[in-house]
Every structure is written in structure tokens, then in C-alpha cells.
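A.B. asks: Encoded as C-alpha cells, here's the structure I'll be asking about.
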Amino acid sequence: MHLFSPILLAAIASAAPWGNSHWQNTGPPDAGEHSYGHNAPHHFGAPFGQHDGGLTSAAYFLDNNPNGSAIIALTVGPDGLLKDPVRTSTGGYGAISVNPDGSPRPVDTLSSQGSVTVKGNMLFTINAGSNTVVMFRIDPEDPTKLTMVGSPAPTMGEVPVSVDYSDELHTACVLNSGSKPGVSCFYADPWKGLVPQGSLRSLGYDFNQTTPPTAPAGTASQVIFDPNSTALFAILKGYPGPPAIPGSVVAYRAESGMVSEEPVRTQISDIIVDFGSVFLDESRLFMTDVSFGAAIVDVDYETLTLQEETHIVIEGQKAICWSAFDPSLNTAYAPDAGQPVVYTVDATSGMLTGSIAADNRTQGLFDSAIGSRGLMYSLAASNGLNVLDLKAQKNVQYFDLSSVGERMPFTGLALWPN
């Protein structure tokens, strides 16, 4: 395992929901204004966010801007290519994490995965500077049109950086990364919006961070439900040292439709800077680590602890941070933020199978999501979005975002339908 150098540290820088027509008229009338360009029975009826599937038709990322945050939605055409960016205010402000020397981070300003999440016809995101979480309804007729449901909800902590949603629990949970860290959860009410469930859940150890967070080491990475919504996992980075301090995975059991407030912490000795994770099946998690590459870990749901199954050292990688998975190709993907390449891993064996080159203009690949056509959409290290054809293993588009704004605050990436 190699240690971070100061240079690397700086460089990582259709249907109405639940089938209820009243949903269509909720939220502030101006919340969805824009310019320029998971299924238990529920008393509201049909599954939350149900739609009839189809080709990916919108992509979303967050403009995490301290002067006013927004979701940027882009149309995905029948050919899978991006066009026509549209801006929708998130009703709050962004926050920029800082380097160890106190300077603002030029990119990767939240050091997280999952700042934007789409489930069904709903989009969830965070206002890191306002300490709030937001829920939007996606219009299936025009998925770039977002309508805020209720108002931004306080996350009870400081600097929220990641959000996930369980359709079975009708619950959204948020990971806070600042000097008041922890996990907060909310019932997603179709009229009121996000209603708090319990108090701020402790991480179970001294997280010892700042507001804004000092990044990238030692920051909160991601919050994620398992595929069956039996538990929630908070993923938190360690420190490369010396001495190295392993990262942590803090689990909370989901019982009787609620996420427990009792944390169960696991540290795996050779996983240090755990960053992006994605479930490969019900109990196996593909997890990236910028210090060596990636790992596959197994979840024991009786104890809520994790064990490493496969340690995947990727020679030549510069800054592997985010993760993605395509079940149709049985392949996990590890984009490199430090160079224009994504590494491929067999999801069954855990073997590194190769790499795919991206457009050189990207300079590296950040937050990524895979759509229905086998296309991977990624925020680039440069001011753009990139599209890779994973089946053909070739680049198909680089979309310049300079007309949308400066690259610095852009983060997160989600697709509709997903």
C-alpha cells in the first residue's frame, strides 16, 4: 500500500408516487422552477416512485455552491448522449471542504459518494452549507423538471455529504461529515416531504472532524442501504498515516420499519481510505480505496460486521475513489480520478479484468452512474461530463459544462430511470 503524497491529497480534490394524484400538487409552487439552460405495502397505495422502466432519459448532478446550490439536470437522448442542461434550486447553500493546509479544495468538494440519489420518481440531495436534505419529485413526462416536496429538512448534524433512500422503508437517511457528525433519517411523506425519524444517530466513535471538513482523509464517504433494506451502512475514511488508521463502516439495523439508533462499527485493517461502495448482491459490497485500489467485503447480518473477501491491488492507479456496478455485465467499475481510465473487476471472482480508456479531456473520472444501455456517465476531473460504452469499451461523448458554471462545486451523479 502506498501512502498519500501532499500532491495526491490535493489532487483527489409515469405514475404518481404511491399512486396518489394529490402528489402532483405538492411542494412550493416555485420549487421546481428551472432555467437554461427499493417494496413493502404502504397505506398510500402503489410502490413509491413506481414507473414503467425504459431507457435512461435524464442525468443529474449537484452544483454544491456556497452562494446557492442547484441540481443540474440533463436530457439523455435516445442515443444515450447528453444535452440541454437545466438548473433547479435546492433551496439552500453548498459547502466546500478544505485541504489540510486550510485552502479550499478545487474539486471533489464533499469527498463523498451519493450526494445525489434517484429512486423511482424521486430525487434526494443535500445542502451541505445549510445542513439540510431535500426531496424532489421527477416529472416522468419531462424528467428534467423537478418539484420540491415540502421544504428542505434539517439534518441535525453539520455538513451532510451523502443520502440514500429505501423504498421498502419509505425512509431517506443522510450522513453528516462536519464537527457534528452522524446519521439522520426521515420518513418520506408524499405531502409534507421529509419528516424526521428519531434523533441524530451517533457514529459510535470520536470522528474528530471540522466544519467545513478537512479532506480527503478522515472524512465521511457514503451512506447506503443494503438491497433488502435490513441495514444502513455509513462508510468513513481513515488516515494513511503513518501510522495508518483504518477506515470504518458503521451499521444500523432496520427493525419494524425504522432504522436503529445503535451503531455497530467495523474496521478492516488494510482498508484505509474507503471511499465509494456499491452492493454486488445481498451481502457483498464492492468498496474502493484510493490507497491501493478496491476490495470486496462481506456483511454478516447477524452481527452487522464486515469481513474482507478480496483485496484488489490496482497497480498504476492514481486516485480511485468512486464505484459503480453493472449486473448485466457482472462487472464492478473503479473510475480513476487522477487519470482518464476506469478499471474493471469481475463481480464474482473479484479479479481485476482490465481497464477502459476515457476521453483524455476528462483528466480523470469522478462520480459515476451506469444507465440502461450499458453506458457509464461520469463527472470529469475537468469541467465536463463523460459517457463510456461499457460493452464496446469505448468513449462516446465528452459534454463540456463550461456554460453551466465553474467545475469546483460540481459533485454527485444519478440517472433516471435507474
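A.B. asks: Check whether at least one residue in segment 125-139 is aliphatic (A, V, I, L, M), under 25 Å from F225 (Cα atoms) and either part of a loop (DSSP other than H, G, I, E, B) or at pLDDT below 95 (or both), and report yes or no.
C.D. replies: Scanning segment 125-139, I find at least one residue that is aliphatic (A, V, I, L, M), under 25 Å from F225 (Cα atoms) and either part of a loop (DSSP other than H, G, I, E, B) or at pLDDT below 95 (or both), so the answer is yes.
A.B. asks: Just to check your reading of the model, which residue among L285, L304, L379 is more than 19 Å from L81 (Cβ to Cβ) and within 16 Å of the chain's Cα centre (by Cα)?
C.D. replies: L285
A.B. asks: Determine whether M135 is under 17 Å from the mean Cα position of the chain (by Cα), aliphatic (A, V, I, L, M) and over 23 Å from F366 (Cα atoms).
C.D. replies: For M135, the condition - under 17 Å from the mean Cα position of the chain (by Cα), aliphatic (A, V, I, L, M) and over 23 Å from F366 (Cα atoms) - is met.
A.B. asks: For a quick check of your reading of the model, give me the residue pairs whose first member lies in segment 75-86 and is under 15 Å from I370 (Cα atoms), whose second is at pLDDT below 95, with beta-carbon atoms closer than 8 Å and at least 6 apart or on different chains.
C.D. replies: That search, which allows pairs on different chains as well, returns V76/L55; V76/T56; G80/L55; G80/T56; G80/R373.
A.B. asks: Looking at the structure I just gave you, is M408 crowded, with 21+ Cβ neighbours inside 10 Å, under 30 Å from D139 (Cβ atoms) and not hydroxyl-bearing (S, T, Y)?
C.D. replies: no
A.B. asks: Follow-up. Provide a single number: the residues in segment 250-263 that are of a type in the set (G, A, S), assigned to a loop (DSSP other than H, G, I, E, B) and either modelled with pLDDT under 95 or within 23 Å of Y239 (Cα to Cα) (or both).
C.D. replies: Count: 2.
A.B. asks: Among what's in segment 39-79 and is among the β-branched types (V, I, T) and at pLDDT 95 or above, pick the residue that is surrounded by the most Cβ atoms within 10 Å (Cβ to Cβ).
C.D. replies: Looking at the filtered set, the residue picked out is V76.
A.B. asks: Condition test on A153, is it within 19 Å of the chain's Cα centre (by Cα) and either surrounded by fewer than 23 Cβ atoms within 10 Å (Cβ to Cβ) or more than 20 Å from L236 (Cβ to Cβ) (or both)?
C.D. replies: Criteria met by A153.
A.B. asks: Show the residue pairs that are 6+ apart or on different chains and have beta-carbon atoms under 9 Å apart, the first residue being within segment 99-125 and farther than 14 Å from N64 by Cα, the second being of a type in the set (V, I, T) and not in a strand (DSSP E or B).
C.D. replies: As it stands, the answer is M122/V149, since those pairs meet every condition given.
A.B. asks: For T144, only one of the following conditions fails: (1) within 16 Å of the chain's Cα centre (by Cα); (2) surrounded by 22 or more Cβ atoms within 10 Å (Cβ to Cβ). What is its number?
C.D. replies: So T144 meets the others, but not (1).
A.B. asks: Applying the selection to segment 317-339, what residues are within 15 Å of D389 (Cβ to Cβ) and out of contact with any strand residue (DSSP E or B) (no Cβ under 6 Å at 6 or more places or on another chain)?
C.D. replies: Answer for segment 317-339, where residues must be within 15 Å of D389 (Cβ to Cβ) and out of contact with any strand residue (DSSP E or B) (no Cβ under 6 Å at 6 or more places or on another chain): S328, L329.
A.B. asks: Does segment 105-125 contain at least one residue that is closer than 21 Å to A220 by Cα and more than 17 Å from the chain's Cα centre (by Cα)?
C.D. replies: Looking for residues that are closer than 21 Å to A220 by Cα and more than 17 Å from the chain's Cα centre (by Cα), one finds at least one in segment 105-125, hence yes.
A.B. asks: How about segment 264-285: which of its residues are outside any loop (DSSP other than H, G, I, E, B), aliphatic (A, V, I, L, M) and closer than 21 Å to A369 by Cα?
C.D. replies: Scanning segment 264-285 gives V278, L285.
A.B. asks: Here is a follow-up. Consider segment 217-247. How many of its residues are within 20 Å of S97 (Cα to Cα) and in contact with a strand residue (DSSP E or B) (Cβ under 8 Å, 6 or more places away or on another chain)?
C.D. replies: Count: 14.
A.B. asks: So, one more: If the Cβ limit is 8 Å and pairs must be 6+ apart or interchain, which residue in segment 136-163 that is more than 26 Å from T109 (Cβ to Cβ) pairs with which residue that is part of a loop (DSSP other than H, G, I, E, B) and aliphatic (A, V, I, L, M)?
C.D. replies: R137/V149; P140/A15; T147/A31
A.B. asks: If you go through segment 135-146 one residue at a time, do you hit one that is under 27 Å from V259 (Cα atoms) and either of a type in the set (K, R) or touching a Ser or Thr at 6+ places or on another chain (Cβ under 8 Å) (or both)?
C.D. replies: Among the residues of segment 135-146, at least one is under 27 Å from V259 (Cα atoms) and either of a type in the set (K, R) or touching a Ser or Thr at 6+ places or on another chain (Cβ under 8 Å) (or both), which makes the answer yes.
A.B. asks: Looking at (1) in a loop (DSSP other than H, G, I, E, B); (2) of a type outside the set (V, I, T); (3) crowded, with 23+ Cβ neighbours inside 10 Å, which is the one condition that is false for Y205?
C.D. replies: Going through (1) in a loop (DSSP other than H, G, I, E, B); (2) of a type outside the set (V, I, T); (3) crowded, with 23+ Cβ neighbours inside 10 Å one by one, Y205 breaks only (3).
A.B. asks: I would also like to ask the following. Can you tell me how many residues within segment 153-183 are within 23 Å of W322 (Cα to Cα) and assigned to a strand (DSSP E or B)?
C.D. replies: Total satisfying the criteria: 14.
The values are calculated or read from the model by the stated rules, or taken from the named source; none is laboratory data. Source: prediction; values computed, not measured. With ideal geometry, Cβ positions are generated from the backbone for all residues, glycine too; neighbour counts draw on all protein chains shown.
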